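Here is the structure we will look at, set down as structure tokens.
The values are calculated or read from the model by the stated rules, or taken from the named source; none is laboratory data. Computed from a prediction, not measured in an experiment: that's the story for all the values here. Cβ placement follows ideal geometry from the backbone for every residue including glycine, while neighbour counts extend to all protein chains displayed. Note: areas computed on protein heavy atoms with side chains; ligands, DNA, RNA excluded. Shrake-Rupley method; radii C 1.70, N 1.55, O 1.52, S 1.80 Å.
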Amino acid sequence: MPSLLLFSKEAVMAQYPFKKCMNYTKSDLHKQFWSGQGPCLIFIPPAKMELYDLNDYEYRFYHPEAMWAHEMSRAVKVLDWPTDGIPTVRPNLGVVFLPAIAGQTFQIEANSMPWPGTPLSREQIRLIDKISISETDIYALLDSFYNIHFQHDESQIAPYVADTQGVFDIAHLLYGDEIFYELIDDSQNGWLEELMEIVTRLYDSVTGMIKKVIGESPDQMIHGHGTEQGLFFPEAGIRLSEDTATLLSPEMIERLIIPAIRNCVKEPNKGVFLHYCGLHPTFFDQLTAMPEVKAIDLGNPEMYDLSAVLRRCAETNTVLYSRIAVEKYEKWRTYTERVVRELVE
């Protein structure tokens, strides 16, 4: 399998396999990539766009029709664009989506994404299992978004799962910075494991519900990772985002995060696409050593040595679904030649 997700010269039109969206394109090309028979893939942006357009964001957050129209205005640009990415949309509800389902408050300030409010107590967290997910206000916003998409019969644009973050990231948002003190307090042994189990059940339940809504099988997915175009994963059914892990030691990661990743990968699903920001080379090595981790996105690729990253991906059969950082003053031709050299050397 290629170790780096980049690009081929031409996108191949094909049929997307999921039951609700039978006309998605390019899945054959993606299958060839994953099987090792095809070239690397290039995702070329159709225009210069902000990753998160915050103009009128608060209005869009609470109005699914406006949210859908905005996200579609980005995705339609991909339809006739020479890129290997599959056009994608999702409700952009930010990192607060799962915490809000769990009962945590949040705020949306001007020109910013939503951010969680006051952390929950242990007692409140222990009640999460009793919450009726489908009856929460924020889940209703998400459900309306997907229903609007299917009502418009936009079969060439794939809806994908909203931002459900990762287990430790959600645990940190729910419990607050107290989680770091308790990691080094031996008298708290047992509670953090309990917290991770509660959050894992919440993550599993919500992710499974969304995948049923969009007609996606448990063991596969398309994921756009916050952008207007995405990748088809034939052997990974979930995405995890574990940014907080860069603050932890390798031993803490082995204690809490690695088991949580494994617990999220349940049959028939065999894999996960995992994202994290920041610099933590040991975490990268720990993740690529896991057979469950099929692909990784580095939020800050400029912090890593490209040669070392590609070598590790090749050794562990891990796909790098990530930007390749541009060097200072580097033009597009020099950039392309450098990346190709890294691939062939």
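General remarks:
- The charge dipole of the chain, taken about its Cα centre with unit charges on the Cβ of Lys, Arg, Asp and Glu (plus for the first two, minus for the last two), comes to roughly 1140 debye.
- Each Cα pair under 8 Å and six or more residues apart adds its separation to the average, and for region 100-242 the resulting relative contact order is 25 percent.
- Length added when fully stretched, K31-M252, from 0.36 nm per residue minus Cα-Cα: 76.0 nm
- Looking at the chain alone, DSSP beta bridges between its own residues are antiparallel in about 35 percent of cases.
- Relative contact order (percent, whole number), the chain, Cα cutoff 8 Å, 6+ residue spacing: 17 percent
- Cα-projected label distance for H152 with A110, points at 7 Å along beta-carbon direction, nm: 2.9 nm
- Basic side chains Lys and Arg get +1 at the Cβ, acidic Asp and Glu get -1 at the Cβ, and with that the dipole of region 183-257 about its Cα centre reaches some 420 debye.
- Selected from A140, I125, G103, residue furthest toward positive end of dipole (region 80-176; charges at beta carbon): I125
- Per residue, the chain exposes an accessible area of 46 Å² to a 1.4 Å probe, with every protein chain left in place.
- Between amide H atoms placed 1.01 Å from N, distances below 5 Å from L93 occur with D163, all of them 5 or more places distant or on a separate chain.
- Spin-label model, Y329/N189: points 7 Å from Cα along the beta carbon direction are separated by 5.7 nm.
- Length available on full extension from A308 to S144: 0.36 nm per residue minus the Cα-Cα distance, which gives 54.6 nm.
- In a simple Cβ point-charge model (Lys, Arg +1; Asp, Glu -1; nothing else charged), region 104-232 has a dipole of about 320 debye relative to its Cα centre.
- Carbon + sulfur, % of accessible area of region 70-174 - ligands and nucleic acids excluded, 1.4 Å: 50 percent
- For the peptides 105-115, 281-291, 64-74, residues were scored by their other Cβ atoms within 10 Å and the scores averaged per peptide; the highest-first order is 64-74, 281-291, 105-115.
- Over region 84-172, relative contact order from alpha-carbon pairs under 8 Å, at least 6 apart, %: 44 percent
- Taking a span of 30 Å or more along the helix axis (Cα atoms) and a mean Kyte-Doolittle hydropathy of at least 0.0 as the rule, the DSSP H helices of the chain that qualify are 191-213.
- Cα→Cβ-extended label distance, 7 Å offset, between A69 and E50, nm: 1.9 nm
- Its Cα gyration tensor gives the chain an equivalent ellipsoid. The semi-axes, each the square root of 5 times an eigenvalue, are 31, 26, 19 Å from largest down.
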